1. For residue 154 and residue 52, FRET efficiency with R0 = 41 Å and r from the beta-carbon atoms, rounded to 0.05?
2. Taking the simple approach of a point 7 Å from Cα along Cα-to-Cβ for both residue 130 and residue 12, what is their distance in nm?
3. Between residue 60 and residue 79, 0.36 nm times their residue separation minus their Cα-Cα distance comes to what?
4. Rank-order 112-119, 98-105 by packing density, defined as the average count of other C-beta atoms within 10 Å over each peptide's residues, highest first.
5. Can you give the FRET efficiency for residue 140 and residue 71, using 1/(1 + (r/R0)^6), R0 = 25 Å, r = Cβ-Cβ distance, to the nearest 0.05?
6. Treating only the Cα positions of the range 18-80 as identical point scatterers, give the base-10 log of I(q)/I(0) from the Debye formula at each q in 0.13, 0.18, 0.25, 0.27 Å⁻¹.
7. Using only the Cα atoms, work out Rg/Rh for the range 100-144, with Rh taken as the Kirkwood radius, to two decimals.
8. Please compute the per residue accessible area over the range 44-184 with all protein chains in place, 1.4 Å probe, rounded to a whole number of Å².
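The values are calculated or read from the model by the stated rules, or taken from the named source; none is laboratory data. Just so it is clear, the model here is predicted, and its values are computed rather than measured. Glycine gets a Cβ as well: all are built from the backbone with ideal geometry, and neighbour counts include every protein chain shown. Note: areas computed on protein heavy atoms with side chains; ligands, DNA, RNA excluded. Shrake-Rupley method; radii C 1.70, N 1.55, O 1.52, S 1.80 Å.
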Amino acid sequence: MSEPQPRHNRGKLSPEQTAQLNELAESSLRSFLRAWWPAILWAAVIFSMSMDTFSSEHTAMVFSPVLHWLVPHLTDDQFDTIHHYLRKSAHFGEYFIFCLFLYRGIHGSRTGWRWIWGLSAWFIAAAYSALDEIHQAFVASRTASPYDSLLDSAGALFAIVFLWLWFRLRRHRTPLAANIHPSS
């Protein structure tokens, strides 16, 4: 049994305890950043893509010379269609990647697959997508669209399905690999 501390020392930490708490906090911060930095960085990329620089008019100025160089006889209507699908593919792809990074952050150093981790990553991505569209409503050259948010959420959902399949196939393949012994 430990000695009772004097009344004036109760609640105070020793220098050793303070050092241990500081080390634990620093280690926890490093672990958090190691798991979450890709998702945080990608969220910043998505936010920057919601600005005027990536409006339809600006991306058309970039894609038009490239597509007309690749296909010289491209009509304006054809270009508009291709440009539309490129932009919508970007929505899908950026949230597919974002959801992978979110899952990485939630998963952390744990192993395996849990549906709650996948659904949490999808929910965060879908919520961020809705907030991103609200943000675009306040950018003069952008338009907010619930359909874009649905497309973003679909990209994130595909990422979860992809991860689930990947973990499932990896789990089934691991026992087979363990039974194979190299011949001498």
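1. The formula returns an efficiency of 0.95 here.
2. Output for this residue pair reads 5.1 nm.
3. Value of the extension gain: 6.0 nm.
4. 98-105, 112-119
5. 0.20
6. For the range 18-80 at q = 0.13, 0.18, 0.25, 0.27 Å⁻¹, log10 I(q)/I(0) is -0.60, -0.78, -0.97, -1.03.
7. Taking Rh as the inverse mean 1/r over Cα pairs, Rg/Rh reads 1.20.
8. Per residue, the range 44-184 has 66 Å² of solvent-accessible surface.
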